[in-house]
Amino acid sequence: MKEGWKDLPIGCTIEKGGTSRDFKTGDWRSERPEFLKDKCNNCLLCFIYCPDDAILMKDDKVVGIDYDYCKGCGICEKVCTAKAIETKPER
Ligand code: SF4
Ligand code: SF4
C-alpha cells in the first residue's frame with residue numbers, strides 16, 4: 001500500500017525539489033523589461049528591488065537584465081526614476 005502523509009515520520013524532510021538556480025524561470029515572462037543604458041544613473045534601485053536577482057551588474061554598474069531568470073514582474077521599471085527600464089510585451 002502507498003504511504004500517505006500520516007505515515008511519514010514526524011520532522012522528516014523531503015530531499016527532492018530544487019532552487020531557481022536549477023530551473024530557468026524566464027520563460028514565465030509575458031512582459032519584457034528593456035534596459036536603456038544611456039538613461040541609467042546607476043542608483044541600483046532596480047538591483048535592490050528585483051525579486052529574482054535578475055539585474056546584471058559588472059564593476060558595480062547595472063549592465064542589463066538576465067532574461068534566463070527575469071519573470072517580467074515590472075518592479076524594476078516602477079522603481080526606476082530615470083526611466084531607464086521600459087517594459088514591453090514579450091515577443
Ligand atoms: S521585471 Fe521583475 S524579475 Fe525582471 S528584472 Fe525587473 S524586477 Fe527583476
Ligand atoms: S533603477 Fe534605473 S537608473 Fe537606477 S540602476 Fe536601475 S536602471 Fe539604472
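For the range 80-90, give me each residue that is within 8 Å of ligand 1 (Cβ to nearest atom) and surrounded by fewer than 19 Cβ atoms within 10 Å (Cβ to Cβ).
Start the filter on the range 80-90 by keeping residues that are within 8 Å of ligand 1 (Cβ to nearest atom), which leaves 85, 87.
The answer is THR87, and nothing else.
If you scan the range 43-79, which residues turn out to be more than 6 Å from ligand 1 (Cβ to nearest atom) and β-branched (Val, Ile, Thr)?
ILE48, VAL62, VAL63, VAL79
Mind checking which pairs have a first residue in the range 21-34 that is touching a residue at least 40 places away in the same chain (Cβ under 8 Å) and a second that is in a strand (DSSP E or B) and surrounded by 10 or more Cβ atoms within 10 Å (Cβ to Cβ), Cβ under 6 Å, 6 or more apart or different chains?
Note: pairs meeting the criteria are GLU31/THR87; ARG32/LYS88; PRO33/ILE65; PRO33/ILE85; PRO33/THR87; GLU34/GLU86.
Name the single residue, out of those in the range 69-79 being over 15 Å from TRP28 (Cα atoms) and more than 8 Å from ligand 2 (Cβ to nearest atom), that is surrounded by the fewest Cβ atoms within 10 Å (Cβ to Cβ).
The initial filter retains those residues of the range 69-79 that are over 15 Å from TRP28 (Cα atoms), namely 75-79.
Remaining after also requiring more than 8 Å from ligand 2 (Cβ to nearest atom): 75, 77-78.
Details: ILE75: 18, GLU77: 17, LYS78: 13.
Only one residue tops the list, namely LYS78.
Give the range 53-68 a look and list any residue that's surrounded by fewer than 19 Cβ atoms within 10 Å (Cβ to Cβ) and either touching a residue at least 12 places away in the same chain (Cβ under 8 Å) or over 11 Å from the mean Cα position of the chain (by Cα) (or both), or say none. Write out each step before concluding.
Of the residues in the range 53-68, the ones surrounded by fewer than 19 Cβ atoms within 10 Å (Cβ to Cβ) are 53, 56-61, 63-64, 66-68.
Answer for the range 53-68, where residues must be surrounded by fewer than 19 Cβ atoms within 10 Å (Cβ to Cβ) and either touching a residue at least 12 places away in the same chain (Cβ under 8 Å) or over 11 Å from the mean Cα position of the chain (by Cα) (or both): ASP53, MET57, LYS58, ASP59, ASP60, LYS61, VAL63, GLY64, ASP66, TYR67, ASP68.
A short reminder: the numbers here are calculations on the coordinates, not readings from a lab. Everything numeric in this text was worked out from a predicted model, so none of it was measured. Positions of Cβ are backbone-derived with ideal geometry, glycine not excepted, and every protein chain shown enters the neighbour counts.
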